[in-house]
Amino acid sequence: MKIAIIGGGPAGLYSAILLKKQHPEAEITVYERNRADDTFGFGVVFSDATLDNFEKYDPPSYRRITQEFAYWDDIAVYFRGTVHRVGGNGFCGCSRRALLLILQERARELGVTLNFEADIEDEARFADADLVVIADGINSRFRDKYIAHFEPEVDLRSNMFAWMGSTRPLDAFTFIFQETEWGPFIAHAYQYEAGRSTWIFETDPDTFKRAGLAGLNEKQSAERMAEIFGWFLQGHPILTNRSMWRNFPMIRSKRWVKDNMVLLGDAKATAHFSIGSGTKLAMEDAIALADAMQQAPTVAAALEHYEQGRREEVEKTQHAADVSLVWFEHVDRFWNFDPVQFAFGVMTRAKAITYDNLTLRAPDFVREVDRAFAKQVRAKGFDVDVEKPLAPMFQPLRLREMTLANRAVVSPMCMYSAREGVPGDFHLVHYGSRALGGAGLIFTEMTCVGRDARITPGCTGLWNDEQEASWRRIVDFVHDNSAAKICLQLGHAGRKGATKLMWDGMDRPLEQGGWDVVSASPVPYFPDSQVPREMDRAAMDRIKAEFVAAAERGEACGFDMLELHCAHGYLLASFISPLTNQRTDAYGGSLEGRLRYPLEIFEALRSAWPSHKPMSVRISATDWADGGITGDDAVRIARAFAEAGVDLVDVSTGQTVHDSQPVYGRMFQTPFSDQVRNEARVATMCVGNITTSDQVNTILAAGRADLVALGRPHLVDPGFTMKAAAWYAAEGVFCPPQYLPGKEQIFRNSVRDRQEFEELKIKAKPKTRAELKAEATKPLAAE
Ligand SMILES: Cc1cc2nc3c(=O)[nH]c(=O)nc-3n(C[C@H](O)[C@H](O)[C@H](O)COP(=O)(O)OP(=O)(O)OC[C@H]3O[C@@H](n4cnc5c(N)ncnc54)[C@H](O)[C@@H]3O)c2cc1C
Ligand SMILES: Cc1cc2nc3c(=O)[nH]c(=O)nc-3n(C[C@H](O)[C@H](O)[C@H](O)COP(=O)(O)O)c2cc1C
């Protein structure tokens with residue numbers, strides 16, 4: 001077998017090693033345009049988990065790599081004169097040069113031919129090769145040569161960064177967030193060998209310009225960094241090595257394989273440096289390729305296997321890297337945060353590290369985070385314990401004169417079970433049991449303001465006396481038997497009206513018994529949906545009056561709060577999104593025009609709704625579709641509603657157009673809540689695939705939302721909040737007297753369950769290399 005490898009970086013060299021071990025008879029050649037020890041850059045990092053993989057696949061190179069490594073366990077966050085350290089992170093650093101020399105030596109030992117100063121211009125010279133590995137890095141010539149086939153997507157990020165070094169010793173992965181006269185600078189720094197550390201500097205494009213970095217050469221810009229971070233460097237210099245400022249390109253390729261050519265490492269996909277995974281991905285690609293070559297009968301089958309098997313893992317890492325880079329790009333959002341809350345945000349930014357997880361490894365840090373949170377609550381006039389505070393989920397919140405006992409919310413969910421808009425016994429039991437389960441706030445399902453405003457024939461409404469009486473019975477039950485508050489969500493289905501019950505076909509038009517639907521513009525939802533009638537002024541006035549009348553009935557029922565539904569493609573959302581609003585009058589065009597009617601309704605409701613009771617608005621903060629609403633628009637929408645008197649923005653996303661492309665995942669809508677809350681400076685509620693109380697606390701403690709709503713988890717577990725209260729020992733959670741024995745039992749058992757869980761977790765966690773090294777080098781106690 002003949003294998004040609006273009007590029008002698010970590011991906012190229014490691015794949016040469018693994019493939020040669022597998023096929024000792026194969027003729028394997030690596031072509032590298034640079035000289036053997038011509039290495040640019042400073043250090044690279046690997047997690048313990050990655051090193052375990054290296055140990056398994058090639059013990060000799062693993063041993064040499066680990067001999068050269070610097071280990072650390074802590075992450076340190078420097079911000080506004082404070083430092084917070086969190087242990088248990090298990091990372092290793094190594095010089096990129098040392099890594100490449102080790103891999104070169106190992107490859108040679110195995111019989112791989114290494115051709116340096118061989119700049120490959122045309123892969124035609126490898127026509128007789130069985131396999132051509134393209135590992136030519138981020139600016140891959142061969143990926144670009146076959147751009148139409150590989151279809152790479154290159155997202156050039158806005159922040160500027162430069163990779164530099166220093167002799168400053170470091171005993172932790174160090175993030176420094178530095179205010180300067182030009183704006184914020186960030187240093188990501190770690191030691192990779194004795195007396196050498198990597199320093200990646202990052203800043204936003206405006207600060208970059210203001211700091212005059214565009215006009216400075218490499219040496220001058222290093223001097224500027226040394227001035228900015230001089231207080232920390234303690235006289236150590238900043239070193240350079242082709243340390244040019246650049247924008248990070250986030251690269252994803254649609255295909256990784258062409259005939260017998262395969263893309264590996266940065267050539268196929270990149271991951272932002274803030275999660276330190278570039279070299280890991282490159283070397284794990286080599287592992288995946290070797291595995292595929294081992295298992296498949298032909299090279300073609302192996303390449304197919306490699307691409308299919310590896311893609312999900314790479315995309316998961318890229319997603320975590322994306323989330324992390326966005327956090328760094330928007331660091332100014334958190335600049336006014338309490339430093340400990342800021343540090344908590346840094347730690348939890350990429351979702352892998354959570355509140356509970358940090359409680360296990362850095363309990364003092366989490367206690368400090370809890371105290372800072374409790375202090376903020378106390379500053380709002382609540383008499384909460386600041387010394388031994390409850391977890392954020394169990395801290396109260398006030399909106400106007402409504403006080404919520406905790407931050408867990410039952411999200412609005414249609415039950416499609418009303419008759420002519422009248423909620424029945426099902427609804428009483430449904431809402432009643434969730435109130436008894438301990439949530440601080442319960443939302444009703446979208447309750448429609450008129451018969452023709454319904455989504456389906458099963459939707460609840462509030463346009464007649466019978467409906468009002470039924471809702472009053474539910475509200476009274478909640479108030480008489482629980483501490484929960486209840487919010488009425490009012491909406492109009494617009495073009496998504498006259499559709500089937502969820503279980504008969506979501507958003508599909510009714511075949512019989514339907515009614516005429518209206519919208520901002522005559523654009524149907526599905527191509528075969530009913531074409532809505534474009535609303536004229538008379539229709540706008542009529543529907544506005546329906547909203548006001550429903551709100552007045554809501555007040556008569558005793559609801560504590562009112563939400564206006566402006567999300568998910570229903571009537572008011574269809575005005576806001578440019579994808580569904582094609583009007584040329586004052587209610588279309590710019591965002592200001594598209595918001596005019598929803599704001600008119602909001603203002604009418606705000607006047608009709610008692611001034612001591614709060615109001616929220618639910619928005620779709622992105623349409624997940626080209627040309628639609630984006631997070632930046634959501635900030636402007638939130639500001640407009642805040643000026644009109646909204647107390648809370650309920651941040652949802654999508655459902656505007658049938659062919660949207662949402663990116664799902666754990667807590668997938670939380671970044672939008674974060675953006676709206678911390679840019680528009682308005683209270684938010686987030687929602688969307690949040691399934692554990694650990695996630696609820698992570699979101700609240702990091703200041704990404706003020707309330708957290710859970711929909712589907714509450715469908716199967718009305719007692720979600722009670723269980724969480726037991727886990728976090730939040731004794732004060734309300735429990736109806738009838739259920740007290742159950743509460744006592746779960747609180748008692750939870751102490752033991754939690755202890756067992758934590759012990760198990762600690763036992764199951766292998767010692768980090770940093771811990772093992774510390775143990776091995778610990779001096780023996782003097783006798
Ligand atoms: C600022 C910064 C910080 C980073 N920090 C980290 C970190 O902390 N941890 C980490 O793991 N990763 C980090 N990385 C990422 C890491 O450097 C890369 O992801 C990794 O090196 C990718 O390996 P690769 O083999 O795919 O590509 P590369 O290492 O780029 O290797 C490609 C090789 O191909 C050669 N080549 C290119 N074209 C040709 C040609 N036509 N003919 C012959 N040879 C060619 C190049 O000279 C190069 O040697 C960082 C990257 C940057 C930019
Ligand atoms: C069965 C069901 C019905 C829903 N009905 C409504 C509704 O009436 N109004 C609304 O704003 N959102 C509605 N939603 C969306 C939820 O409020 C929530 O935003 C969504 O389910 C995501 O949260 P989750 O992942 O916690 O379920 C509904 C969701 C479900 C599952």
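The values are calculated or read from the model by the stated rules, or taken from the named source; none is laboratory data. Here the structure is a predicted model, which means the values were calculated and not measured. All Cβ positions, even for glycine, are placed from backbone atoms using ideal geometry, and neighbour counts span all protein chains on display. Ligands, DNA and RNA are stripped out before the accessible areas are found, and what is left, the full protein with its side chains, is counted by its heavy atoms. Shrake-Rupley method; radii C 1.70, N 1.55, O 1.52, S 1.80 Å.
Using 0.36 nm per residue, how much length does the chain from Phe382 to Glu420 gain when fully extended, once their Cα-Cα distance is taken away? Write out the running numbers ahead of the final one.
Numbers: separation 38, 0.36 × 38 = 13.68 nm, distance 4.32 nm.
Stretched out fully, the Phe382 to Glu420 stretch lengthens by 9.4 nm.
Whole number in Å², please: accessible area per residue of segment 1-69, 1.4 Å probe, ligands, DNA and RNA not counted. Could you put the intermediate results ahead of the total?
Values: 2530 Å² over 69 residues.
With all protein chains present, segment 1-69 gives 37 Å² per residue.
Give the accessible surface of segment 458-600 per residue, rounded to a whole number of Å², with probe radius 1.4 Å and ligands, DNA and RNA excluded. Don't skip to the answer; put the middle values down first.
Details: 5370 Å² over 143 residues.
Result: 38 Å² of accessible area for each residue.
Working with all protein chains in place, sort Asp58, Asp266, Asp452 by solvent-accessible area computed with a 1.4 Å probe, largest first.
Numbers: Asp58 0, Asp266 55, Asp452 80 Å².
So the residues, ranked largest to smallest area, are Asp452, Asp266, Asp58.
Just to make sure I understand: if all protein chains stay in place, what is the order of Ser253, Ser158 by accessible area at 1.4 Å, largest first? Intermediate results must be reported in sequence, preceding the final value.
Working: Ser253 5, Ser158 60 Å².
From most exposed to least exposed: Ser158, Ser253.
With a 1.4 Å probe and all protein chains left in place, how much of the accessible area of segment 512-658 comes from carbon and sulfur atoms, in whole percent?
Summing carbon and sulfur atoms, their accessible area is 48 percent of the total for segment 512-658.
Could you state how much accessible area Tyr57 has, in square angstrom rounded to the nearest 10, with a 1.4 Å probe and all protein chains kept in place?
Per-residue accessible area (Tyr57): approximately 50 Å².
With the calculation restricted to Cα positions, what are the radius of gyration and Dmax of the chain in angstrom?
29.5, 94
On the principal axes of its Cα set, how long, how wide and how thick is segment 175-236? Give whole Å, largest value first.
On the principal axes, segment 175-236 reaches 35, 23, 17 Å in Cα extent.
What is the ratio of the Cα radius of gyration of segment 151-307 to 2.2 N^0.38 Å, where N is its residue count, to two decimals?
Here the Cα radius of gyration is 1.29 times the empirical estimate.
Extension gain Asn336-Arg666, at 0.36 nm per residue separation less the Cα-Cα distance, in nm?
Values: separation 330, 0.36 × 330 = 118.80 nm, distance 2.70 nm.
Between Asn336 and Arg666, full extension yields an extra 116.1 nm.
How far is helix 278-295 tilted off the main Cα axis of the chain, in degrees rounded to 10, range 0 to 90?
Helix 278-295 and the main axis of the chain meet at about 80 degrees.
Determine the distance separating the Cα centre of segment 686-735 from the Cα centre of segment 11-36; give it in Å without decimals.
After rounding, the separation between the Cα centres reads 52 Å.
Under the Kirkwood approximation for Rh and a Cα-based Rg, what ratio Rg/Rh is obtained for segment 632-735? Could you put the intermediate results ahead of the total?
Working: Rg = 15.0 Å, Rh = 14.9 Å.
Ratio of gyration radius to Kirkwood radius: 1.01.
For segment 228-307, what number results from the quotient of the Cα radius of gyration and 2.2 N^0.38 Å? Numbers along the way, then the final one.
Values: Rg = 18.5 Å, N = 80, 2.2 N^0.38 = 11.6 Å.
After normalising by residue count via 2.2 N^0.38 Å, the value is 1.59.
7 Å from Cα along Cα→Cβ at both Ala604 and Ala49: what's the point-to-point distance in nm?
Reported label-point gap for Ala604 and Ala49 is 5.3 nm.
How far apart, in nanometres, would the label points at Arg125 and Asp364 be if each is projected 7 angstrom from Cα along the Cα-to-Cβ direction?
In this crude spin-label approximation the distance works out to 6.0 nm.
Using a ≥ b ≥ c from the Cα gyration tensor of segment 537-694 (square roots of the eigenvalues), is it rounded, prolate or oblate, where a/c under 1.5 gives rounded and otherwise the larger of a/b and b/c decides, a/b for prolate?
Details: a/c = 1.78, a/b = 1.16, b/c = 1.53.
Taking the square roots of the gyration eigenvalues as a ≥ b ≥ c, segment 537-694 is oblate.
Rolling a 1.4 angstrom probe over the protein heavy atoms, how many square angstrom per residue are accessible across segment 288-337?
Details: 2240 Å² over 50 residues.
Computed with neighbouring chains in place, this is 45 Å² per residue.
Roughly how big is the chain's charge dipole about its Cα centre, with Cβ charges of +1 (Lys, Arg) and -1 (Asp, Glu), in debye to the nearest 20? Each step should come with its number before you reach the end.
On the way: 90 positive and 106 negative charges, 186 e Å.
Here the size comes out at about 900 debye.
For segment 1-133, just run the numbers: alpha carbon Rg, then divide by 2.2 N^0.38 Å, N being how many residues it has.
Numbers: Rg = 17.8 Å, N = 133, 2.2 N^0.38 = 14.1 Å.
Compactness ratio reported: 1.26.
So how far, in whole Å, is the C-alpha centre of segment 363-388 from the one of segment 246-309?
Their Cα centres are 46 Å away from one another.
Rounded to whole Hz and in sequence order, give me ³J(HN,Hα) for segment 525-533 from the Karplus expression 6.51 cos²θ - 1.76 cosθ + 1.60, θ = phi - 60°, writing x for Gly and Pro.
6, 8, x, 9, 7, 4, 7, x, 7
Pop a pseudo-label 7 angstrom from the Cα along the beta-carbon direction at both Glu756 and Glu312 and give the gap in nm to one decimal.
The modelled label-to-label distance comes out at 3.1 nm.
Which distance in Å, rounded to a whole number, links the C-alpha centroids of segment 37-95 and segment 404-446?
Computed from Cα coordinates, the inter-centre distance equals 50 Å.
Using 0.36 nm per residue, how much length does the chain from Glu117 to Ala36 gain when fully extended, once their Cα-Cα distance is taken away? Walk me through the numbers on the way to the answer.
Working: separation 81, 0.36 × 81 = 29.16 nm, distance 0.82 nm.
Extra length from Glu117 to Ala36 when fully extended: 28.3 nm.
Quick one: how many Å² of Trp503 are accessible to a 1.4 Å probe, rounded to 10?
150 Å²
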